[in-house]
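Asker: Starting off with a structure, shown below.
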Amino acid sequence: MPKHSVLVVGAGIAGMRAALAASERSSDVALISKVHPLRTHGGTSQGGINAALHAEDRADLHAMDTVKGGDYLGDQDVVELLTGAAPRAVIALDHWGVPFNRDAHGRLDARRLCGATRARACFVDDMTGHATLQVLYEQVLKAGIRAYEEWVVTRLLLDDGACVGVVAIELASGAVEAFAANAVVLATGGCARVYEPTGAAYGVAGDGVALAYRAGAPLMDMEMVQFHPLGIRGSGMILTEALLGLGGHLVNGGGERFTLKYAPTLGERAPRDIVARAAEEEIVSGRAEFVALDLRHLKGDEVKRQLPLTSHIVKTQAGVDPAKETVPVRPVAHRTMGGIQVSRDGATGVTGLYATGGCAATGVHGANALGGNWLLEALVFGERAGLAAAQRAPGSARAPNLRNRGPIDGSGEGGSHSQRVGAPDAAARRSLAGRVRPSGGRERDPRPRRAPPTGRDHEQGAALQLRADSVPGAGVTPDRRRSHCGRRRIQRGEPRRSLAPGSSGAG
């Protein structure tokens, strides 16, 4: 049975960043992943990484854009943490060797993505995620971190309510192995693959979220799903919103720039949720089977120079020349803001289990994430989760008792129901919100209490296998304010965004 101090499940950007952080404090860190680290979904991120690095920008402006873009539902304390740590996270990548684009003065260049009031997304052409993956993997090799590639984790191992390892299957041989660890970090990505069409990779199926849920960890905001407005017709492959930042227009079948009806101020540069809902409204109303991305008024050579990969994708996947024709697109499922409820350091409701990246719900995005904040979240909170996991005392992971636990798939006889699904025994079950303590009393959950869900509020997430109304802590009214925000530093300066034609929708 392999044993490690910290075992990171998932080798994407968040997972590798967590492993690198953990290796700073622990000499025995390992990654386990369904695919090779360079084939993970983070490589599809194109636009950039938000950070207030320039003189005309500040972290508080970045925070304000993030809170407004999330419909004021984000945890503002966590937003401040993210935006304050952003410059250091990007500079660390720069020092490791990510070839960020530079301006004429040799400084890190930046572009403005949708929902931002400043150009603050540091980028590598239109392949920022790919470049980041490459450099992080170089650092993983340099640190001597072991990677178990093409292993699928099927279950978390629990002992007295604490996570002490995982069970995994090797895809090549079918071998089943138990891995022991002082701490386990889940970095398995979200669950956007449950939708169709979607731009998510096949591995983004929510298996990490399900593992934690079965182990007794609460979930949060499972109804918050983000749709990207620029999914190519047919393939679902997503085009970077940097095309809209360059001046691209979205038009309906009549050639009308319909986004101006919903967001007169920002138009196509409004946050993704506004643009995606506007496009879907045009399609559902029957005014267009698809909407179209119009780049014909831009300089074709300039688009190719700044976005070479995107230009290639348009020609190969859409089969059009963007300099002469419009590109048919429609909204596709992209990311999930919800997931495993975690603290700022990635701690879940299960001792020894941490989560970060797409499978974790930090509350930082609220109801909608800005482009450029996804990679930033993976870097900032991946590092924090890795450092916290490495602080688990050596030897805290005992060899799990696998007797009478039943088959690893949780079926058949042998062991109690709680053992079969991987949940802790009732006497040792962690005190989640509203659960009864062994003594019969009740214990206050240290995480914020959430309002009960209403039917309308989680209709958007009804397609998920884990419905919002069955998840502890998930599903709350859209007008709620997170109780852990305390005072509201950023107030609404305009009416709630609406899809009604003529509304401001400035976000």
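The values are calculated or read from the model by the stated rules, or taken from the named source; none is laboratory data. A quick note: this is a predicted structure, and the numbers were derived from the prediction, not measured. Cβ coordinates were reconstructed from backbone atoms using ideal geometry, including for glycine residues, and neighbour counts include every protein chain displayed. Accessible surface areas use protein heavy atoms only, side chains included; no ligands, DNA or RNA. Shrake-Rupley method; radii C 1.70, N 1.55, O 1.52, S 1.80 Å.
Asker: Would you mind checking region 269-303 for residues with the amide N under 18 Å from a putative spin-label position 7 Å along Cα→C-beta of Glu256?
Answerer: 275-294
Asker: Given the Cα atoms of region 1-121, and with Rh set as the inverse mean 1/r over their pairs in the Kirkwood sense, what is Rg to Rh to two decimals?
Answerer: Rounded to two decimals, Rg over Rh is 1.02.
Asker: What number comes out for accessible area per residue over region 256-376 if the probe is 1.4 Å? Units Å², please.
Answerer: Numbers: 4250 Å² over 121 residues.
Accessible area per residue, region 256-376: 35 Å².
Asker: I would also like to ask the following. Once phi is turned into θ = phi - 60°, what whole-Hz ³J(HN,Hα) does the Karplus curve with 6.51, -1.76 and 1.60 give for every residue of region 334-346, x standing for Gly and Pro?
Answerer: In residue order, the calculated couplings are 10, 9, 10, 6, x, x, 6, 5, 9, 7, 5, 9, x Hz.
Asker: On average, how much accessible surface per residue is there in region 57-170, in Å², for a 1.4 Å probe, leaving out ligands, DNA and RNA?
Answerer: Heavy-atom accessible area per residue stands at 37 Å².
Asker: Here is a further query. Roughly how many Å² of Ser27 are accessible to a 1.4 Å probe, to the nearest 10?
Answerer: Using a 1.4 Å probe on the heavy atoms, I get roughly 130 Å².
Asker: Moving on. Using Cα positions and a limit of under 15 Å, work out the aspartates and glutamates in reach of Lys315, with same-chain residues fewer than 8 apart set aside.
Answerer: Within reach: Asp294, Asp301, Glu325.
Asker: Val291's amide H: which non-local residues (gap 5+, or another chain) put their own amide H closer than 5 Å, with H modeled 1.01 Å from N in plane and none for Pro or chain starts?
Answerer: The list, which skips near neighbours in sequence, is Val329.
Asker: Using a 1.4 angstrom probe on heavy atoms only, work out the carbon and sulfur share of the accessible area of region 250-330 in %.
Answerer: Working: 1840 of 3800 Å².
Carbon-and-sulfur percentage of accessible area, whole number: 48.
Asker: So the label point goes 7 Å from the Cα of Ile91 along Cα→C-beta, right? Which residues of region 356-394 then have their backbone N under 17 Å from it?
Answerer: 380
Asker: How much FRET efficiency would the formula 1/(1 + (r/R0)^6) give for Ser27 and Asp103, where r is the Cβ-Cβ distance and R0 is 41 Å, rounded to 0.05?
Answerer: Details: r = 41 Å, r/R0 = 0.99.
So the FRET efficiency works out to roughly 0.50.
Asker: Over region 118-243, what is the mean sequence separation of C-alpha contacts under 8 Å (at least six apart), divided by residue count, expressed as relative contact order in percent?
Answerer: 14 percent
Asker: Among Lys34/Lys304; Lys34/Lys142; Lys34/Lys324; Lys261/Lys304; Lys142/Lys304; Lys68/Lys324, which pairs are too far apart, with a Cα-Cα distance over 32 Å?
Answerer: With Cα atoms farther than 32 Å apart: Lys34/Lys304; Lys34/Lys324; Lys142/Lys304; Lys68/Lys324.
Asker: Mean shadow of region 232-359, computed from the convex hull of its alpha carbons, in nm²?
Answerer: Value for region 232-359: 10.2 nm².
Asker: Given C-alpha coordinates of region 93-188, what is the ratio Rg to Rh with the Kirkwood estimate of Rh?
Answerer: For region 93-188, the value is 1.16.
Asker: If Lys and Arg each add +1 and Asp and Glu each add -1, what is the summed charge of the other residues whose beta carbon sits under 10 Å from the beta carbon of Val364?
Answerer: Result for the local shell: -3.
Asker: Related question: Could you tell me what percent of the accessible area of region 83-238 is made up of carbon and sulfur, with a 1.4 Å probe and every protein chain present?
Answerer: So the carbon and sulfur contribution to the accessible surface is 51 percent.
Asker: Could you pull out the trypsin sites (Lys or Arg not before Pro) across region 59-158 that fall in loop regions by DSSP (anything but H, G, I, E, B) with no more than 14 other Cβ atoms inside 10 Å?
Answerer: Arg107
Asker: Another question, if that's okay. Return a whole-number percent for the relative contact order of region 270-344, with Cα pairs under 8 Å and 6 or more residues apart as the contact set.
Answerer: Rounded, it is 34 percent for region 270-344.
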